[in-house]
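Novice: What follows is a structure written as structure tokens; I'll ask about it next.
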Amino acid sequence: MPNNQFMHPRNIYRKPPAFKELAVKYPEFNKYASVGLNGKIIFDFNNQDGVRLLTTILLKKDFDLDVELPVGRLVPTVPLRLNYLLWIEDLFNLNYDNTKKIKGIDIGTGSSCIYPLLAAKQFQWSMVGTDINKEAVQNAIQNVEKNNLQHLIQVLEVSEWERLLPVAVDEHYDFCMCNPPFHSFSNLNSSDDEADSVVGITSEMYTMGGEVDFIKKMIQESEILQNSISIYTTMVGYKASLDPLKNELKAIGACTIAEAGFFQGRNARWGLAWTFQPDIKLKDFLPNKEYQKEKLKLRPPASFKIPESYDSTTALAKLTELLDSLKLSITILKSKIHENILYQADIQAYENTWTHQRRKRRMEKRLADCKRQKTNDSCSHIASNDERVNQHLETTGNAKPLFVATLVLRKSDNTILIDMLHLDGNRDNSYQVFQFFKNRFI
């Protein structure tokens, strides 16, 4: 399922840019594009110069913004930045009418000044952008002036040793936002979709302790500032960072915490928002989870009851053995809500390993018999037949999953059940695997 489907519903890039039109209107675009056998334009997203050009073209074409993106600096992807801003707009729509004048602060605005520029141009918000790099501040100011947005945007140079949020005692902001350095210096060679296709200076992408320590500093400052900023927000690069950050927010007494998922192309990011004001409403934006909920409504899961001869331990051991034999891709899901769930996982099959099971068992038995009888010639003949079966299985492999499903082992009163919910791919394959589990337990 393309991640474009999970973009914010008001994000104009849910429908990808028409590269053919861009190639005609902007001749320089052709340097980084080619024509495929199907006649479609293919863009090289791994070329940093091409991505820089595409970003400047989209900002001009879709927002009438002239933006200079210096070589050697992080190139911002527009769909992701727009997803973040649209979520913030959603939070305002929960709390204010459209006549309120919004004022925000962008921590680490960068050379592009992308967030303030989009916020001012698209939503008419007043923005303050901060950065610790003198050259980045100068370039950001030039971008603001080039677009005649000085009346809405102010850019400040700050010291990395001072506060992240330079808010005076008598100042108030409706929100703050931040695109922090995601990576720790200890993970300097980490792979990241956005990092792979662009080059940014070290301070834009790496920091001591990674994003968790950086955002924790922001959280600590928010505890001091409290209502000086109505809604605090930040982007998060690693999903694993969410839980420790939410725990930190609960520890300092944030009234409400909200989470967002930003999905675009092959890239995913997350967002956190919090407030100390009881009257401020916040709302999660998790389109991927909403999508799964909708799919759950479409058709109930297939289910069967495990024989009473199994208890929780033996049933889980048997299921684990069967999963291992099928060589499925497994993502275990931890349920914090239902204590009766013994096991829950998303499973994906990339090759058909559930058919020919009887033949494989027969071959294995005959091989075992041969070894006992030490009839090597006969064994080698059987082994060659077994290899042909395995070769057939290997040829069924595919880069795209044959099917995706959620598998649950659960207790209900004194009964143990297995549920299997088909999510995507070939439903027949999914049902065959369900029958495989059922036949092995009964």
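The values are calculated or read from the model by the stated rules, or taken from the named source; none is laboratory data. Note that the coordinates shown come from a computational prediction; the quantities given were computed from them, not determined experimentally. In this analysis, Cβ positions are derived from the backbone assuming ideal geometry, glycine residues included, and neighbour counts consider all displayed protein chains. Heavy atoms of the whole protein, side chains included, go into the accessibility calculation; ligands, DNA and RNA do not. Shrake-Rupley method; radii C 1.70, N 1.55, O 1.52, S 1.80 Å.
Novice: Which distance in nm do the two modelled labels at Asn38 and Glu160 give, with both placed 7 Å along the Cα-to-Cβ direction?
Specialist: Result for the modelled spin labels: 4.5 nm.
Novice: Then there is this: Could you calculate the contour length gain from Ala168 to Ala251, that is, 0.36 nm times the residue separation minus the distance between their Cα atoms, to one decimal place in nm? Let's see the in-between values first.
Specialist: Working: separation 83, 0.36 × 83 = 29.88 nm, distance 2.48 nm.
This chain segment gains 27.4 nm when fully extended.
Novice: I need the shape label for the range 98-163. Rule: rounded when a/c is under 1.5, else prolate if a/b > b/c, else oblate, with a, b, c from the alpha carbon gyration tensor.
Specialist: The shape class here is oblate.
Novice: Greater than 21 Å separation of Cα atoms is the criterion. Which listed pairs, Lys100/Lys281; Lys100/Lys216; Lys61/Lys239; Lys15/Lys146, meet it?
Specialist: Lys100/Lys216; Lys61/Lys239; Lys15/Lys146
Novice: Go through 220-233, 78-91 and give me the packing order, highest mean Cβ count within 10 Å leading.
Specialist: Values: 220-233: 18.5, 78-91: 22.2.
Going from most to least packed, we get 78-91, 220-233.
Novice: On to the next question. At 0.36 nm per residue, minus the direct Cα-Cα distance, what do Lys100 and Leu333 gain on full extension? Give it in nm, one decimal, please. Don't skip to the answer; put the middle values down first.
Specialist: On the way: separation 233, 0.36 × 233 = 83.88 nm, distance 4.24 nm.
Computed gain between Lys100 and Leu333 is 79.6 nm.
Novice: Would any residue of the range 263-282 have its amide N under 18 Å from a label point 7 Å out along Cα→Cβ of Asn227? List them or say none.
Specialist: 274-282
Novice: Using a 1.4 Å probe and counting only protein heavy atoms, arrange Arg266, Arg440 so the residue with the most accessible area comes first.
Specialist: Values: Arg266 150, Arg440 70 Å².
Descending accessible area places them as Arg266, Arg440.
Novice: Filter the trypsin sites (Lys or Arg not before Pro) in the range 12-48 to those in DSSP coil with at most 13 other Cβ atoms within 10 Å of their Cβ, and list the result. Show your work: numbers first, answer last.
Specialist: Details: sites: Arg14, Lys20, Lys25, Lys31, Lys40; in loops: Lys40.
Those that pass, being in a loop and sparsely packed, are Lys40.
Novice: Separate question: If r is the Cβ-Cβ distance from Asn426 to Lys283 and R0 is 35 Å, what FRET efficiency results, to the nearest 0.05?
Specialist: Working: r = 36 Å, r/R0 = 1.03.
Rounded to the nearest 0.05, the efficiency is 0.45.
Novice: Local charge sum around Ile442 (other residues, Cβ-Cβ under 14 Å, Lys/Arg +1, Asp/Glu -1)? Before the final figure, lay out each step's value.
Specialist: Values: positive: Lys305, Lys318, Lys438, Arg440; negative: Glu308.
Taking every Cβ under 14 Å from that of Ile442, the sum is +3.
Novice: Can you classify the range 30-146 as rounded, prolate or oblate using the Cα gyration tensor, where a ≥ b ≥ c are the square roots of its eigenvalues, rounded means a/c under 1.5, and otherwise it's prolate if a/b beats b/c and oblate if not? Spell out each step's value before the answer.
Specialist: Working: a/c = 2.58, a/b = 1.49, b/c = 1.74.
Because a/c hits 1.5 or more and a/b fails to exceed b/c, the range 30-146 counts as oblate.
Novice: Can you give the net charge of the other residues whose Cβ lies under 12 Å from the Cβ of Phe63, counting K and R as +1 and D and E as -1?
Specialist: Net charge around Phe63: +1.
Novice: With the crude spin-label approximation of a point 7 Å out along Cα→Cβ, what separation in nm comes out for Ile442 versus Val24?
Specialist: Modelled inter-label distance: 6.0 nm.
Novice: Starting at the first residue of the range 269-275, write each ³J(HN,Hα) from the Karplus equation 6.51 cos²θ - 1.76 cosθ + 1.60 with θ = phi - 60°, in whole Hz, x for Gly and Pro.
Specialist: 9, 10, x, 10, 9, 8, 8
Novice: Using unit Cβ charges (K, R positive; D, E negative) and no other charged atoms, how large, in debye to the nearest 20, is the dipole of the range 1-103 about its Cα centre? All intermediate terms of the calculation are to be shown ahead of the outcome.
Specialist: On the way: 15 positive and 11 negative charges, 23 e Å.
For the range 1-103, the charge dipole is close to 120 debye.
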